[in-house]
Amino acid sequence: MSKIIEDVKNCVEPIIQSLNMELVDVEFKKQYGQDTLTIFIDKDGGVDLDACELVHNAIDAPLDELDPTSGKAYTLNVSSPGLDRPIKTERDFEKKMNSDVEVSLYKPLENKLKKFEGKLVGYDKETCSIEYKNKILKINLKDIAVIRSAIKF
């Protein structure tokens with residue numbers, strides 16, 4: 001994790017929690033040729049434009065004071081994580097328990113499975129358990145490139 005992201009998380013997380021919302025993720029990257037800091041939030045019932053504006057206004061001054069980019073200009077965005085967002089936090093795993101998920105691994109599991117879909121049936125801070133073809137696969141979180149909700153139409 002970069003120092004900018006770590007510093008921003010430490011700065012904004014207590015503010016977001018005080019607004020009864022959850023910090024899901026922080027991204028700092030170039031978008032359309034400009035450095036962009038995006039704060040992803042969530043709350044029970046979902047995130048709307050008013051929630052994003054509330055958080056933006058609450059964190060703007062503290063971020064100016066923190067100056068995470070050492071004076072370099074950036075655009076601040078506050079956003080909902082979206083339906084297809086990766087499952088990252090403990091709360092994400094709890095909310096998605098017994099739901100279908102798509103899993104992409106860094107290297108194949110049992111020399112064959114690298115991308116697959118199954119049901120999330122267990123989680124602890126180091127592993128998750130996925131039911132796949134009537135088998136339970138216990139996977140180290142560090143071996144997962146991306147895990148997200150399976151979206152079915």
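The values are calculated or read from the model by the stated rules, or taken from the named source; none is laboratory data. Just so it is clear, the model here is predicted, and its values are computed rather than measured. Here the Cβ positions follow ideal geometry from the backbone for every residue, glycine too, while neighbour counts run over all protein chains shown. Accessible surface areas use protein heavy atoms only, side chains included; no ligands, DNA or RNA. Shrake-Rupley method; radii C 1.70, N 1.55, O 1.52, S 1.80 Å.
Could you tell me what a quarter of the Cα convex hull surface of segment 78-153 works out to, in nm² with one decimal place?
Over all viewing directions, segment 78-153 projects a mean Cα-hull area of 5.5 nm².
For T69, list long-range residues whose amide hydrogen, built 1.01 Å from N in the peptide plane, is under 5 Å from its own amide hydrogen.
Residues meeting the amide H criterion: none.
For labels at L83 and K152 in the simple 7 Å Cα→Cβ model, what's the distance in nm?
1.4 nm
Let me cross-check D44: its accessible surface, 1.4 Å probe, with only protein heavy atoms counted, in Å² to the nearest 10?
Using a 1.4 Å probe on the heavy atoms, I get roughly 130 Å².
How much of F28 can a 1.4 Å solvent probe reach, expressed as accessible area in Å² and rounded to 10?
We get 60 Å² for F28.
Residues in segment 59-73, backbone N under 19 Å from the label point at E13 (7 Å along the Cα-to-beta-carbon vector): list them, ranges by number please.
59-60, 62-64, 66-69
Nearest 10 degrees, 0 to 90: what angle lies between the long axis of helix 3-18 and the longest principal axis of the chain (Cα atoms)?
90 degrees
When the Karplus curve 6.51 cos²θ - 1.76 cosθ + 1.60 is applied with θ = phi - 60°, which whole-Hz ³J(HN,Hα) does each residue of segment 20-28 get, with x for Gly and Pro?
So the J values, rounded to whole Hz, are 6, 10, 10, 7, 8, 6, 10, 10, 10.
What's the FRET efficiency of D64 with D35 using the Cβ-Cβ distance as r and R₀ = 22 Å, to the nearest 0.05?
0.90
Give a residue-ordered list of calculated ³J(HN,Hα) values for segment 121-135 (Karplus: 6.51 cos²θ - 1.76 cosθ + 1.60, θ = phi - 60°; whole Hz; x for Gly, Pro).
10, x, 7, 9, 5, 10, 9, 9, 10, 10, 7, 9, 6, 6, 10
Take the chain, compute every pairwise Cα distance, and split them into 5 Å bins from 0; I just need the percent in each bin.
Each 5 Å bin holds this share of Cα pairs: 2, 8, 17, 18, 16, 14, 12, 8, 4, 1, 0.
Taking Cα atoms, how many degrees apart are the long axis of helix 49-66 and the longest axis of the chain, rounded to 10 and kept between 0 and 90?
Between the helix axis and the principal axis of the chain, the angle is about 60 degrees.
Using θ = phi - 60° and the Karplus form 6.51 cos²θ - 1.76 cosθ + 1.60, what ³J(HN,Hα) does each residue of segment 84-91 get, whole Hz, x for Gly and Pro?
So the J values, rounded to whole Hz, are 9, 6, x, 7, 10, 8, 4, 5.
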